[in-house]
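S.K.: Have a look at this one.
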Amino acid sequence: MDYETILKDYIGEFGRFQKITAFCMAVIATPMGFHSLAMAFLAAVPEHHCRLNDVLLPDENSTFWAAYLRRMNGSAPLELDANGEWKYSRCEQFNLTNALSAATDNRTLQHCTDGWVYDRSHYGTSIVAEFDLVCDRAWMREIAHAIFMLGFSFGGIVSGVLSDRFGRRPTLLWCILLQLIFGVASAFSPNYVTFVFTRFFLGVLNVGIYFSAFVLGTEILDQSRRTMFGLSMALFLVLGYIGLGVAAYVIRDWWKLQLAISAPFVVFLSYYWLAPESPRWLMASGKVEETKTTIKRAARMNGVVIPDKVYDLINGNITSDQNTQSTEITGRRLYSILDLVRTPTMRKNTLITAFTWFAINAIYFGLSLGAPELPGDPYLNFILGSCSEIISILLAWSTMDRWGRKPPIIASLILAGVSCGATAAVPKDLWQVSTGLAIVGRFGVSVTYSILPVYSAEVFPTVVRNMGIGTVSMIGRAGGILAPFVALLGKYWAPLPLLTFGVLSFLNGVAILALPETLGVPLPNTLEDAENLKSLGEKNLQNTEKILSEELQKTEKIEIYDKITVL
């Protein structure tokens with residue numbers, strides 16, 4: 001007897017146990033959203049110029065900054081910025097040590113010799129101002145971004161292996177505890193190296209929490225509730241982005257902001273009592289007593305009584321013969337990453353899913369990093385940009401259970417591909433059109449981003465689900481790391497980055513055609529189930545059509561009987 005049958009026939013498909021667990025797993029995405037995009041404010045680049053050696057006043061208010069800019073006249077050269085405006089150089093100053101050379105205008109340029117002055121009236125403090133990550137040290141800021149994304153990549157595979165080996169619950173609990181520790185430690189980083197080190201582990205733990213919670217929530221629900229849970233988790237993640245923007249607006253010092261976004265994980269330590277283990281994983285791992293305990297807990301919370309014969313069937317299904325050490329029982333076998341590519345269908349599904357994650361991350365972060373900064377308040381722009389993702393999530397939600405997983409993904413990827421690719425044909429003077437097409441492309445990618453975690457969880461079987469999602473997520477984060485390098489292609493031809501993203505998106509949409517549709521298909525538990533996923537889907541579709549046909553026939557017979565009765 002499998003968990004799906006127990007769920008439908010005895011526990012109940014969406015009782016109190018499922019509701020509480022699903023909510024707990026979804027709401028934890030909110031503080032994860034804080035950390036995911038925190039570098040937008042922690043590493044904000046304020047206006048800065050060379051510190052003049054005769055200026056000893058504090059540089060923390062707008063009044064001083066306006067006066068300082070007037071003082072720059074004759075002390076620093078003028079340069080054209082990215083917007084075509086003449087401004088004082090941020091990284092060079094005139095050598096004014098020789099009064100004669102200054103008087104005769106025979107001045108030489110030199111790099112900032114006494115550090116920099118930062119305009120703290122807008123951003124307050126950031127690690128850029130704290131550790132002087134500007135000018136010839138500006139690359140260190142980008143390295144901090146890349147290392148955090150590297151932590152995401154590393155965390156996906158590590159947490160996947162640990163979750164499939166030791167369970168979803170212990171992996172989740174340890175990640176929450178360590179996230180709190182490293183989050184607080186990051187706020188008190190005395191130097192750049194310590195900050196980058198702690199941010200790497202925050203990336204590892206952040207993705208570990210997300211996928212452990214996502215898989216656990218998915219596995220306690222029946223197939224009709226997976227879409228609701230997956231997109232609810234995405235909505236809570238976006239709420240985290242919005243909350244980050246609000247918190248950053250209120251808290252302008254980077255270390256205080258880091259403390260504020262880490263503090264909520266204290267509340268989630270309560271998951272030691274709230275979070276159950278996945279019954280599917282327990283059954284697939286051959287853990288008989290733990291399976292019974294979890295199912296009894298679910299039955300008690302849902303207010304139902306499960307007959308003893310059900311526990312006997314569970315015991316008979318997943319208990320091995322004590323006299324034989326057969327490895328043919330699924331729960332006794334230890335699975336590895338090689339199982340993701342060992343069989344033909346699993347290999348195809350893994351490679352295509354990994355390519356999709358890579359492309360989506362590259363396109364999404366590429367469009368975000370490559371777009372020029374919007375005019376206006378950066379905090380408001382960040383919040384409004386995050387709110388726009390809610391529309392894409394709602395669109396994905398409204399289509400996934402109606403049309404399936406594949407059609408919305410394919411349509412959104414082709415839309416993104418055509419939109420980005422079309423920018424190559426837009427004249428330079430019509431920049432508004434190019435910007436609009438790029439926004440449409442990002443919207444299309446966001447739709448796919450919302451559906452992809454749910455779709456991936458349904459493609460991989462229970463015995464390697466966390467490992468599979470962790471692996472493709474790791475490959476996907478590599479796309480996010482490489483995205484800025486694609487943007488460098490614009491030096492050779494301005495539309496080339498968007499054209500590259502367009503081609504990549506279009507090819508990805510075509511590749512998805514080879515994956516099986518999973519709408520209405522029970523979650524595969526074993527590698528054999530995954531191999532037969534397509535046939536299971538066709539069989540489920542045939543059964544659904546048969547049931548609908550029988551119901552239609554019954555309805556027609558009732559109508560005919562009613563007409564005869566009337567006559």
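S.K.: Give the stretch 162-186 a look and list any residue that's more than 17 Å from residue 265 (Cβ to Cβ) and surrounded by fewer than 19 Cβ atoms within 10 Å (Cβ to Cβ), or say none.
M.R.: Of everything in the stretch 162-186, those that are more than 17 Å from residue 265 (Cβ to Cβ) and surrounded by fewer than 19 Cβ atoms within 10 Å (Cβ to Cβ) turn out to be 165, 166.
S.K.: For the stretch 386-417, which positions are crowded, with 16+ Cβ neighbours inside 10 Å and closer than 17 Å to residue 437 by Cβ?
M.R.: 392, 411, 412, 413, 414, 415, 416, 417
S.K.: Within the stretch 333-367, can you find the residues that are surrounded by fewer than 16 Cβ atoms within 10 Å (Cβ to Cβ), of a type in the set (A, V, I, L, M, F, W, C) and touching a helix residue (DSSP H, G or I) at 6+ places or on another chain (Cβ under 6 Å)?
M.R.: The one that is surrounded by fewer than 16 Cβ atoms within 10 Å (Cβ to Cβ), of a type in the set (A, V, I, L, M, F, W, C) and touching a helix residue (DSSP H, G or I) at 6+ places or on another chain (Cβ under 6 Å): 341.
S.K.: Taking residue 198, is it part of a helix (DSSP H, G or I), in contact (Cβ under 8 Å) with a residue 40 or more places away in the chain and touching a helix residue (DSSP H, G or I) at 6+ places or on another chain (Cβ under 8 Å)?
M.R.: No, not satisfied.
S.K.: Can you name every residue in the stretch 201-214 that is in contact (Cβ under 8 Å) with a residue 60 or more places away in the chain, more than 12 Å from residue 157 (Cα to Cα) and among the hydrophobic types (A, V, I, L, M, F, W, C)?
M.R.: 202, 209, 213, 214
Okay, residues lined up against (1) within 17 Å of residue 461 (Cβ to Cβ); (2) modelled with pLDDT under 85; (3) in a helix (DSSP H, G or I); (4) not assigned by TED's automatic domain parsing to the domain that holds residue 463:
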{"residue": "270", "(1), (2), (3), (4)": "no, no, yes, yes"}
{"residue": "282", "(1), (2), (3), (4)": "yes, yes, yes, yes"}
{"residue": "294", "(1), (2), (3), (4)": "no, yes, yes, yes"}
{"residue": "298", "(1), (2), (3), (4)": "no, yes, yes, yes"}
{"residue": "312", "(1), (2), (3), (4)": "no, yes, yes, yes"}
{"residue": "316", "(1), (2), (3), (4)": "no, yes, yes, yes"}
{"residue": "321", "(1), (2), (3), (4)": "no, yes, no, yes"}
{"residue": "348", "(1), (2), (3), (4)": "yes, no, yes, no"}
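S.K.: Go through 261, 220, 251 for me and flag whichever is closer than 23 Å to residue 165 by Cα and of a type in the set (A, V, I, L, M).
M.R.: 220
S.K.: Sticking with this one: Select from the stretch 23-37 the residues that are assigned to a helix (DSSP H, G or I), among the aliphatic types (A, V, I, L, M) and modelled with pLDDT of 90 or more and list them in ascending order.
M.R.: 25, 26, 27, 29
S.K.: Given (1) at pLDDT 90 or above; (2) farther than 24 Å from residue 272 by Cα, where does residue 223 come up short, assuming only one miss?
M.R.: Answer for residue 223: the failing condition is (1).
S.K.: While we're here: Residue pairs, Cβ under 6 Å, 6 or more apart or interchain, first in the stretch 174-191 and within 12 Å of residue 32 (Cα to Cα), second among the β-branched types (Val, Ile, Thr) and modelled with pLDDT under 95. List them.
M.R.: Note: pairs meeting the criteria are 175/209.
S.K.: Something else now. When the stretch 253-270 is examined, which residues are found to be touching a Ser or Thr at 6+ places or on another chain (Cβ under 7 Å) and surrounded by fewer than 23 Cβ atoms within 10 Å (Cβ to Cβ)?
M.R.: 253
The values are calculated or read from the model by the stated rules, or taken from the named source; none is laboratory data. It should be emphasised that the depicted structure is a prediction, and the values quoted were computed from it without experimental measurement. FYI the Cβ positions are ideal-geometry reconstructions off the backbone, even for glycines, and counts take in every protein chain you see.
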